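Novice: Right, I'll just put the structure down here and ask away after.
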Ligand code: PEP
Ligand code: MG
């Protein structure tokens, strides 16, 4: 292995690293270094780089111990010197924590070991030094359990397995007749350590390692190993984090929040992560260690007095009880609170962003264990970006880059329908952990979520508390309900990250996993029963409560306006109805990029008319049917043009394979036979003749119009007449007629002629005219390669990246979802190419097609109207290659607008 620096130390106001070194030191390590540099108190320590994780995966444990040995030793010595302690000493012990820390935070995904360095002798030294034997033994029993779980791999693997340590702990508490861990006495803790070690021997056939150095190497390797657990892999897949990044390891002097009543530990946010309001908030526990706050074992208390009062109101706790049992940090430890509150402002200003902080008060002295940019809901993300911009903390471009386009989706999340809510019964209340409304059927086990979703069910995951193992179920559920845990519990933090509705810490509900029941307010719910959650108030409702789409606030509008200021591309919508057009305009669509006319043929009498046209045996029969369709189509276009007045509407001529429209069941075949006055046998024969083995590559798109010109004539007539009718009413329609599935320039030409001849005819009939364009979909690879020829006749291009992906990859759009999922899992494909544009292959065709097209017609208007038009990375690619616009479904317009702005800023 090459000779390089693998360890960076920090402590006492000095550090070898800094914030900018996140890739090498991980987020946590880089910020621990930075905090030292700006005068925030941090226990000394060192960071082993993320590169070592990659080396570990390649070369294995022994090689890594070898190459790190001297640097780790020096790192420990640095801690010893600064803390004036000694690693492994029985008189003056130095204990450390060993934590993971990837480039981007992966909350709860990887492992941590605390209190490392304790053994049967050192614990006595710690007892003497702290003058607190209970604290020393409490730390020791926690360490043995964590070491067993994390390093010796004794954590339960299946939901039915019992954690051997938890079992012992529960038994000893029961024997003693106590409920809380804190009620255990010294002798009980000693007994716990003994029994824990016995369990380790039984399970692993090895003794618990007494040597601190052996403990340290074991823990470091366990953190590296935790990068490769299934849950970490799943999280990376979900968040598109590359496998090769690896995690850093942070080794740091321990400070103690469990040293007695003058010690505490907590988690805080510089602003409200759920709403975005500028309110310092967080939770803490007196006489506890870090994991107690997030594990949901004890009910955490609020940091600020104001927050504490608000919490009490929500939890139904009286002021008297609050003061006595759940005082805020502001009340309980005023001077530590003051310092914390000053430093939270300092940290937020330093990083110019909302921070998520971890701190410990050891015997009255405040220490920071972590600061990182806090995760937040979509709504909070928008509010903070706009607020910080208005406060002058960040500039416009930073504000735009701060918002993840996909997160905007959450602002468009449903809320409960007012009427449905007025008759809904609140059964219990928990904490409003992550906003939004959700309704679904109860399930208790995460690994069963998939099967329910496959059956098309909406589900609510109900857990006593969640752990990283539940990630998949949380991701699939509409909402999450937990009985334990505060606002910073695993469930709450992860749900907010996902933008998923979550109610946590609903103490009054009872969950029985064995019986699969949930009991609220005396009523027993079984798996599969409906409940509803309000993640903004914490209320849990009986049964199914209908939801509606939300109203968008002023900050959202400001952000959208700001996006348009910086973006070079504009955004249109894919819409086939006046309703969709209306919504799209509200979201800022600058026109319709794709109106799929075949979608207008489904339903009611329309389907009968189109079937009659397809089944007709001659031109006369087809014309008769088309005459019935004409007024229906014209009316549909009038509706859409009206909503989109003064904006262009790209209407695509009929595209789908005809067999999709013909009746396949005998009842509907008979209906058509009666309607058309022919025999059912004739219908059956026609249906057989139309059947294609590869309909996606068959008689569809412009091929239909070239075989049956009367279809194109009818559609053109409907479009032009609709526009002329509106013109009479003073409404301006701007139709752009689009020819689908062109592969050969002459295919386009033939269609164009029919369109133009028909339009001219109507202009003469009406003695009136309008402006219109005739362009094409670019969705066959051949068209993109011969784009100069196509553009010599077509007035605009719209890339149909759905078909272009299908034909470039040779992947059927309709049959390959499961195959693609497997391919993504196996790492053959990075993404589903139908969701995220394949820039290397399909993207190249778009780029080539655009260049060649513009070489023949320099003002050629080019857009994308495949599914990729609303996917952030694909939108950015479209900007990069100089497209004029993207078109997407109405609810994705805000995402596309912001992505377009970010692309422009990132390119500067
Ligand atoms: C496309 O192919 O990308 C497209 C937009 O058309 P459709 O999805 O209707 O085939
Ligand atoms: Mg298509």
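Novice: Could you pull out which residues in the stretch 748-784 have an amide N less than 17 Å from a spot 7 Å beyond the Cα of residue 732, following the Cα-Cβ vector?
Specialist: Only 769-773 fall inside the zone, counting backbone N under 17 Å.
Novice: Further, regarding this structure: Please determine, in degrees from 0 to 90 and to the nearest 10, the orientation of helix 893-907 with respect to the longest principal axis defined by the Cα atoms of the chain, where the helix direction is its Cα long axis.
Specialist: 70 degrees
Novice: Give me the distance in nm between label points sitting 7 Å out from Cα along the Cα-to-Cβ direction at residue 331 and residue 623, one decimal.
Specialist: 8.9 nm
Novice: Let me ask another. How long is the gain from residue 521 to residue 180 if the chain were fully straight, where each residue apart is worth 0.36 nm and the alpha carbon distance is subtracted?
Specialist: 120.3 nm
Novice: Semi-axes, largest first, in whole Å: what does sqrt of 5 times each Cα gyration tensor eigenvalue give for the chain?
Specialist: Taking √(5λ) for each eigenvalue gives 61, 29, 26 Å, largest first.
Novice: Here's another thing I want to ask about it. Suppose a student asked you for the relative contact order of the stretch 742-843, using Cα pairs under 8 Å spaced at least 6 residues apart; what percent would you report?
Specialist: Rounded, it is 25 percent for the stretch 742-843.
Novice: If you line up the long axis of helix 133-146 against the longest principal axis of the chain, both from Cα atoms, how many degrees apart are they, to the nearest 10?
Specialist: 40 degrees
Novice: Here's another thing I want to ask about it. Would you calculate a helix-derived [θ] at 222 nm for the chain, using -39,500 (n - 2.57) for each DSSP H run of n ≥ 4 and dividing by the full residue count, to the nearest 500?
Specialist: Only helices count here, giving -14500 deg cm²/dmol.
Novice: Over the chain, what is the relative contact order in whole percent, taking alpha-carbon pairs under 8 Å and six or more residues apart? Intermediate values should be presented prior to the final figure.
Specialist: Working: 1872 pairs, mean separation 77.0, N = 908.
The normalised contact order for the chain reaches 8 percent.
Novice: Continuing with this model, one more query. Under the 0.36 nm per residue contour assumption, what length would be gained going from the current alpha-carbon distance of residue 120 and residue 211 to full extension?
Specialist: Using 0.36 nm per residue and subtracting the Cα-Cα distance, I get 31.7 nm.
Novice: Measure nothing but the geometry: give the 0 to 90° angle between the long axis through the Cα atoms of 604-615 and the longest principal axis through the Cα atoms of the chain, rounded to 10°.
Specialist: The angle comes out at about 60 degrees.
Novice: If you don't mind, there's one more thing I want to ask. For the stretch 79-135, taking Cα atoms only, what is the radius of gyration to one decimal and the Dmax to the nearest whole Å?
Specialist: In order Rg, Dmax, the Cα atoms of the stretch 79-135 give 14.1, 40 Å.
Novice: Another question, if that's okay. With each pseudo-label sitting 7 Å past Cα toward Cβ, what's the residue 586-residue 746 distance in nm, one decimal?
Specialist: Reported label-point gap for residue 586 and residue 746 is 5.0 nm.
Novice: Continuing with the same structure: If I take R0 = 35 Å and measure r between the Cβ atoms of residue 338 and residue 128 in this structure, what FRET efficiency does the formula 1/(1 + (r/R0)^6) give, to the nearest 0.05?
Specialist: Efficiency, rounded to the nearest 0.05: 0.60.
Novice: Sort 772-779, 179-186 by the packing proxy (mean of other Cβ within 10 Å over each peptide's residues), most packed first.
Specialist: 772-779, 179-186
Novice: Here is a further query. Per 0.36 nm of contour for each residue apart, how much would the distance between residue 172 and residue 157 grow if the chain were fully extended, relative to their Cα-Cα spacing? If you can, show how the numbers build up before the last one.
Specialist: On the way: separation 15, 0.36 × 15 = 5.40 nm, distance 2.36 nm.
Difference between extended and current length: 3.0 nm.
Novice: Along the principal axes of its C-alpha atoms, what lengths does the stretch 763-872 span, in descending order and rounded to whole Å?
Specialist: For the stretch 763-872, the Cα extents along the three principal axes come out at 62, 31, 24 Å.
Novice: A further question follows. 7 Å from Cα along Cα→Cβ at both residue 822 and residue 203: what's the point-to-point distance in nm?
Specialist: Label-label distance for residue 822 and residue 203, simple model: 3.6 nm.
Novice: Same structure again: Could you tell me the calculated FRET efficiency between residue 671 and residue 769, based on Cβ-Cβ distance and R0 = 41 angstrom, to the nearest 0.05?
Specialist: Working: r = 41 Å, r/R0 = 1.01.
Efficiency computed from Cβ-Cβ geometry: 0.50.
Novice: Quick one: Cα centre-to-centre distance for the stretch 1-24 and the stretch 584-629, in angstrom?
Specialist: The distance from the Cα centre of the stretch 1-24 to that of the stretch 584-629 comes to 65 Å.
Each reported figure results from applying straightforward, stated rules to the coordinates on display, with no laboratory input. Everything numeric here is computed off the predicted structure, so don't read it as measured data. In this analysis, Cβ positions are derived from the backbone assuming ideal geometry, glycine residues included, and neighbour counts consider all displayed protein chains.
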